[in-house]
There are 2 protein chains.
Amino acid sequence: MTDDENLDSTEAEARAVESRAEAFIGVREARRSEVAEDYVELIAELIHENGEARPVDIATRMGVTAPTVAKTLGRLARDGLITRAKYRSVFLTEEGRALAKECRHRHEIVLRFLLSLGLDPETAERDAEGIEHHVSERTLALFAAFSQRS
Amino acid sequence: MTDDENLDSTEAEARAVESRAEAFIGVREARRSEVAEDYVELIAELIHENGEARPVDIATRMGVTAPTVAKTLGRLARDGLITRAKYRSVFLTEEGRALAKECRHRHEIVLRFLLSLGLDPETAERDAEGIEHHVSERTLALFAAFSQRS
DNA sequence: GCAAAAAGTTAGCTTCGGCTAATAATCATC
DNA sequence: GATGATTATTAGCCGAAGCTAACTTTTTGC
């Protein structure tokens, strides 16, 4: 092996390792916003159904306890996604509404895609919930196209 | 609306809410094992490549710092997935090897599926990394079948 | 309009998974 | 085989997201 070849293969490997690391870093980033996205999406649904989003309903729908909801709502308010008054229901800010809309859009595309693959609705809903946060724009476009033509 | 209809729709709604909550609970459960799975899968690769898995290599490949790796390895050892000796490389237990094999299998199916959908390799690898932890057995089977016939 | 039930909050605990700074051990090179 | 570089560990910090227990506020039903 010449020095040049050696250098090339080393560099190629380094690039591969770095790109892999970036993939993991990307996944970790996505993970950080998952909970916020799930909450905002659910809050939007509740507001649509009931005109308001009560913590107790968020808790039962998310399968967590009321204090957990309270703490998470605190973070959402801090991040400018919801408005909050003590002992009252929560509502979405403009930013929150935008995020909710985007999430709902992704969710629907992923769900429709899984259904059009032939998955049962129950499992499709479950898997969509987990997958939707980890699908790039490109993949989402392919999913949408697939559902369309099938 | 009769009382019966009222009751039925209430019960149906309750079931839907509960099933939704279960989906979220499932996603949270999956989330808890994600990191362990990523590490074990990577450790298996490193052992395959180099005969051992050094913390420093795990760190660069995962895109985290050495102390983060050390702490996570502590958890993996506690959970019986790896063996560890101070200042030495880590190795997989029988259980760890089994998990790694399973993860690699899932990863490959998801990756091949995304590629056969027409996604570019870079994005496919990135998305597979995030998606693989949230795909049920059923969906995995559908993914595999799709790649096969295309 | 009051009492009980329901809902919301606060305090305080846990685990996980990141980080930096400091220390310790191993490895490589002369 | 000493020494400098690399690697590994430890200590200690942080924030997120879960929980229970205790308390306050609001809602409801008589």
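The values are calculated or read from the model by the stated rules, or taken from the named source; none is laboratory data. In this text, all values refer to a predicted model and were calculated from it rather than measured experimentally. Heads up, the Cβs are rebuilt from the backbone with ideal geometry, glycines too, and the neighbour counts pull from every protein chain shown. Keep in mind that these areas ignore ligands, DNA and RNA; they rest on the heavy atoms of the full protein, side chains included. Shrake-Rupley method; radii C 1.70, N 1.55, O 1.52, S 1.80 Å.
Summary table below
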{"item": "Longest exposed-site-free window of chain B, the sites being trypsin sites (Lys or Arg not before Pro) in a DSSP loop that have at most 16 other C-beta atoms within 10 Å", "result": "B:1-83"}
{"item": "Residues of segment B:33-79: accessible area per residue with a 1.4 Å probe, Å²", "result": "46"}
{"item": "Amide H contacts of residue A:91 (H built 1.01 Å from N, under 5 Å, at least 5 apart or other chain)", "result": "A:83"}
{"item": "Within the accessible area of the protein assembly as shown (1.4 Å probe), percent carbon and sulfur", "result": "53"}
{"item": "Linear extension gain, residue A:86 paired with residue A:52, 0.36 nm per residue minus alpha-carbon span", "result": "10.8 nm"}
{"item": "Shielding by partners, peptide B:24-32 (average Cβ within 10 angstrom, other chains)", "result": "5"}
{"item": "Helix-only [θ]222 nm of chain A, DSSP H runs n ≥ 4, -39500 (n - 2.57) each, per residue, nearest 500", "result": "-26500 deg cm²/dmol"}
{"item": "Qualifying GluC sites (Glu not before Pro) for segment B:35-64 [loop in DSSP, other Cβ within 10 Å: at most 13]", "result": "B:52"}
{"item": "Over segment B:33-109, volume per residue of the alpha carbon convex hull, in Å³", "result": "86"}
{"item": "Those residues of segment A:47-75 for which accessible area with every protein chain present is at least 50 Å² below the isolated value (1.4 Å probe)", "result": "A:61, A:62"}
{"item": "Relative contact order of chain B, pairs being alpha-carbon contacts under 8 Å that are 6 or more residues apart, as %", "result": "20"}
{"item": "Size of the B/A contact, given as accessible area buried on both chains, probe 1.4 Å, in Å²", "result": "4000"}
{"item": "10 Å-binned pair-distance histogram of segment A:3-149 (Cα, whole percent)", "result": "10, 31, 28, 17, 8, 4, 1, 0"}
{"item": "10 Å Cβ neighbours from other chains, averaged over peptide A:77-90", "result": "0"}
{"item": "Per-q log10 I(q)/I(0), the protein assembly as shown, q = 0.08, 0.14 Å⁻¹ (Debye; single scatterer per alpha-carbon; no solvent)", "result": "-0.43, -1.15"}
{"item": "Low-density loop cleavage sites - chymotrypsin sites (Phe, Trp or Tyr not before Pro) in segment B:61-116, where at most 10 other Cβ are within 10 Å (DSSP)", "result": "B:87"}
{"item": "Other protein chain Cβ atoms within 10 Å, averaged over every residue that makes up A:132-143", "result": "5"}
